[in-house]
Amino acid sequence: MCLAIPGKIVEISPDNQDSALVDVAGVRRRVNLSLLQDDRPALGDWVLIHVGFAMSKISEQDALDQMHTLQMLGESEAVIQEVSGYSADDAPPGGSA
Amino acid sequence: MRFVDEFREPELISKTAEEIRRLAGTDRHYCIMEICGGHTHAIYRFGLKDILPENIELIHGPGCPVCVLPMGRIDDGLAIAQQPDVIFAAFGDMMRVPGAQGSPLEHKARGMDVRIVYSPSDALKLARLNPEKHVMFFAIGFETTAPSTALTMMRAKAEGIRNFSVFCNHVTVIPAIRAILDSPDMRLDGFIGPGHVSTVIGCRPYEWIAQNEHKPIVVSGFEPLDLLQSMVMLLRQLRSGEAKVENQYKRVVTWEGNPAALRAMAEVFEVRPYFEWRGLGLIPQSALRINDKYAEWDAEQRFEVPGIRVSDPKAAQCGEVLRGVLKPHQCRLFGRECTPDRPVGALMVSSEGSCAAYHNYEHRKAAMVTSLSQTA
Amino acid sequence: MAHGAGGKASRRLVEGLFAPLLFGNTPGPLGDAAQVEISGTKVAITTDSFVVKPLTFPGGSIGELAVNGTVNDLAVSGAKADVLVVSYVLEAGLPTSVLEAEVRAMGDAARKAGVRIAGGDTKVVEHGKADQMYITTTGIGHLLHGIAIDPLSVRPGDKVLLSGPIGDHGITILLARGELDLEADLRSDTRSVLPLVEALAHRAGPGVRWMRDPTRGGVATSLNELARDCGLGVVLFEDQIPVRDTVRGACELLGLDPLHIANEGQFLAVVAPEYADAAIDALALAPGGDEAQIIGEIREQPSGSVLVTTLYGGSRIIDMLVGDPLPRIC
């Protein structure tokens, strides 16, 4: 129900730490950071923006982990298939399984 | 675009779609509901149905806050704005929603002061800039948007801005899911859970779906790879007979949610005993109203609200489509009396309503004979 | 209001009301300009009104749009604008400096576009009307050699060409209105596309079937009109459609589709496949055409519709715009 877009904090207001300028592919908008007051983002952090408010910090690590998991998809399965293809009587090509 | 483009990478999408096909097999049929209207929109926008196997049926859920808003509430909001010197401010999503005498845009053409805002804070800014007028912000949205409305009202109170009020139509997602699961014709196997609502409420509120109803639910992001990965996770659970809550959207959703957002909501709102949902009827404890501390900024307290109730024509089958019993094109009125240009029922009103999405993106594809392969 | 936005409602108005009552027995689909014969000479004639708010914006102003818009309507009809006449409707109280600035802008744009402004008219209406200024321009031009536009000549296999990145103008205007509090380094793309059309006519003229400038309603609206007029399907390759990062960012933020956003300095062309490469080469070598791309092709299906496809096999139908593009939060 909710259009929310990642943006990078390029400026935090010197007289109001709840107000920041956020950049989305070159488009800039003032965004309210009050919802992140328990764990304040810093300059250069990426946040998720919805209706002019930052909803959450974006974890680069989790994003990387996700990409890694996706890249591995099907690979572990392929290994299992290859191994289970050999019955006790067959010698795997090249020697050991 | 960072954190967007990586999740639209074509090769990875194809690879993940292959894994889905492998997991889905051919031995059974899967009914998966995506609850959130944003997910419905993403599914159509990215053409994901084209790359999912035939035996996965996607049912579109009630998570479209514009669609489920009863027409009477729009009329009430417009009635308030008819008063002299009132500015009607709302998100773009609301502008073409038809009331009994036309949509906000149509009222604007007839002379009402109607402004589109991107943020509730922009509506408050309008109030500061127009001290001789009253700005009424027509608030809609689920728990994703409610905290922003709350913070804006807290700011109005702190700054003593009196020419500002909110007409609150915020709804909550859990009772809607409950209503879906409680309906007798329910035939769902699992859920793709709302991604951005969950940044606020976390994943814990969905535990009863897994524990009591034994349906798996995966909280998902909105990019193609997010939705496809969520589908992989759901299929793995379904194949192994598991039912648990999983978080696919880890880069922004935490298990506990956003405490500051929940605090802001608790400061300003309370739960309505019940609220009417277009297509689903009255659902208890499913919507928010402004509490007494903020009565001065509550449009329903500041103004006489007619309390208009307008029911959809009997022929409209919105409820059945919402619960996944009917597909949009199976509704009597679909594509004939009810189109995105002239919506009759809830689900045709907003671009993320399942009927509108189906009509806009899917409808004519069904008529195509040639299979699509991209040639350059 | 929706009737002026360029999409479905506009089309209904033109086809349902104007055409039968005003255009008489003119057969066939409606184009960007009309071709008439006057005492044995064929000319193209077109008219357009410009009501943009704000009057000035990064990259241009209403005066420039008024010249380029009409020059472009003639260009994509295969004609070179020779002369324009202009009509101003001014709001009482409009500062003279504002009017002068626009008149200068029109003069500059006309010189740049190689077109003469032969005359005009001015009316003043009461304060509160005309949003400061409305401008109407009417242009007459002679047909270019070697190029003939007819949507009915479009065939399956033809290629769809786009002259450059889309969405610049519409997003610039949206941001310039100031209601959304967004800032970006973006300018309107307003310019005369005649030099590009001439380059295309020169190298690939015989292969050009159809052209249009995708103004209000964007590329999606223009291509839907084509699909309807020729009864074939237009299939677009999403990854090949040029869009600037900033336009993309603004569209993602606001929930808009670049294909629905107005352009004032681009054009679409449908070209026979054997001429497609020459066409792109011609545009690439002409000034301002370096971002031209083949963005799709014509197929039998989906008949009468436009389909956008992705590299991974996903697709969606895209319709004409209904009303103005509205930002959304859901």
**Prompt:** Can you list the lysines whose alpha carbon is less than 22 Å from that of B:Lys15, not counting same-chain residues fewer than 8 positions off?
**Reply:** B:Lys49, B:Lys250
**Complete:** Placing +1 on each Lys and Arg Cβ and -1 on each Asp and Glu Cβ in chain B, then taking the dipole about the Cα centre, the residue among B:Ile180, B:Ala299, B:Gly111 whose Cα reaches farthest towards the positive end is B:Gly111
**Complete:** PRE zone check, label point 7 Å out along Cα-to-Cβ of C:Glu274, amide N under 18 Å, scope segment C:204-244, hits C:204-210
**Message:** Counting other beta carbons within 10 Å of each residue's own, what order do B:Asp341, A:Asp45 fall into, fewest first?
**Reply:** B:Asp341, A:Asp45
**Request:** Report the net charge of residues surrounding C:Leu94, where surrounding means a beta-carbon distance below 13 angstrom and charges are Lys +1, Arg +1, Asp -1, Glu -1.
**Result:** -3
**Request:** First select every other residue whose beta carbon is under 13 angstrom from the beta carbon of A:Lys57; then total the charges, Lys and Arg +1, Asp and Glu -1.
**Result:** -1
**Message:** Test of the criteria: in segment B:245-341, which chymotrypsin sites (Phe, Trp or Tyr not before Pro) are in a DSSP loop and have at most 10 other Cβ atoms within 10 angstrom of their Cβ?
**Reply:** none
**Item:** Farthest toward positive dipole pole in the protein assembly as shown [+1 Lys/Arg, -1 Asp/Glu at C-beta], among A:Gln17, C:Ala110, C:Val14
**Value:** C:Val14
**Request:** Give the calculated FRET efficiency between B:Tyr274 and B:Glu132 to the nearest 0.05, with a Förster radius of 35 Å applied to their Cβ-Cβ distance.
**Result:** 0.40
**Request:** Report the equivalent ellipsoid semi-axes for segment C:151-317 in whole Å, largest first, defined as the square roots of five times the eigenvalues of the gyration tensor built from alpha carbon atoms.
**Result:** 26, 19, 13
**Asked** Can you pull the semi-axes for the protein assembly as shown, root of five times each eigenvalue of the Cα gyration tensor, sorted largest first, whole Å?
**Response** 44, 35, 25
**Prompt:** What is the magnitude of the charge dipole of segment C:176-330 about its Cα centre, with +1 placed on the Cβ of each Lys and Arg, -1 on the Cβ of each Asp and Glu, and no other charges, expressed in debye to the nearest 20?
**Reply:** 320 debye
**Asked** Length gain on complete extension for the stretch C:Ser49 to C:Asp290, per 0.36 nm per residue less the alpha carbon to alpha carbon distance?
**Response** 83.8 nm
**Message:** On C-alpha positions alone, give me the angle between the axis of helix B:71-82 and the longest principal axis of chain B, in degrees, nearest 10.
**Reply:** 30 degrees
**Directionally averaged projected area (convex hull, Cα atoms, segment B:219-376), nm²** = 15.2 nm²
**Request:** Any of B:Lys365/C:Lys8; B:Lys108/B:Lys133; B:Lys125/B:Lys293; B:Lys133/B:Lys293; B:Lys108/C:Lys8; B:Lys125/C:Lys8 with alpha carbons more than 28 Å apart? Name them for me.
**Result:** B:Lys125/C:Lys8
**Prompt:** Can you give the Rg and Dmax of segment C:67-198 based on its C-alpha atoms, in angstrom?
**Reply:** 17.9, 56
**Complete:** Nearest-0.05 FRET efficiency for B:Trp208 and C:Phe18 at R0 = 60 Å, using Cβ-Cβ distance, is 0.50
**Prompt:** What's the long-distance tail for chain B, i.e. % of Cα pairs beyond 26 Å?
**Reply:** 53 percent
**Request:** Treating only the Cβ atoms of Lys and Arg (+1) and Asp and Glu (-1) as charged, compute the dipole magnitude of chain C about its Cα centre; round to the nearest 20 debye.
**Result:** 540 debye
**Prompt:** Hey, in the protein assembly as shown, which Cys have no second cysteine's beta-carbon closer than 4.7 Å?
**Reply:** A:Cys2, B:Cys31, B:Cys36, B:Cys168, B:Cys203, B:Cys318, B:Cys331, B:Cys338, B:Cys355, C:Cys230, C:Cys251, C:Cys330
**Asked** What does the convex hull of the Cα atoms of segment B:1-95 come to per residue, in Å³, rounded to a whole number?
**Response** 120 Å³
**Asked** If you keep only loop residues by DSSP, which trypsin sites (Lys or Arg not before Pro) in segment B:76-113 have at most 15 other Cβ atoms within 10 Å of their Cβ?
**Response** B:Arg110
**Asked** Within segment C:249-330, which chymotrypsin sites (Phe, Trp or Tyr not before Pro) sit in a loop by DSSP and count at most 13 neighbouring Cβ atoms inside 10 Å?
**Response** none
**Among C:Gly218, C:Pro54, C:Ala130 the positive-end extreme of the charge dipole of chain C (Cβ point charges)** = C:Ala130
**Message:** How far apart, in nanometres, would the label points at B:His29 and C:Glu126 be if each is projected 7 angstrom from Cα along the Cα-to-Cβ direction?
**Reply:** 6.6 nm
**Item:** Sites B:Glu337 and A:Gln71 - FRET efficiency at Förster radius 51 Å, r taken between beta-carbons, to 0.05
**Value:** 0.55
**Message:** Charges at C-beta only: +1 for Lys and Arg, -1 for Asp and Glu. How large is the resulting dipole of the protein assembly as shown about its Cα centre, in Debye rounded to 20?
**Reply:** 1640 debye
**Item:** Helix-derived mean residue ellipticity, 222 nm - over chain B, DSSP H n ≥ 4, -39500 (n - 2.57), to 500
**Value:** -9500 deg cm²/dmol
**Prompt:** In whole angstrom, how long is each semi-axis of the equivalent ellipsoid of segment C:38-143, when you take the square root of 5 times every eigenvalue of its Cα gyration tensor and sort them from largest down?
**Reply:** 26, 14, 11
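Coordinate-derived values only; no laboratory data. In this text the structure is predicted, and so the values were computed from the model without any measurement. All Cβ positions, glycine included, derive from the backbone under ideal geometry; neighbour counts span all protein chains shown.
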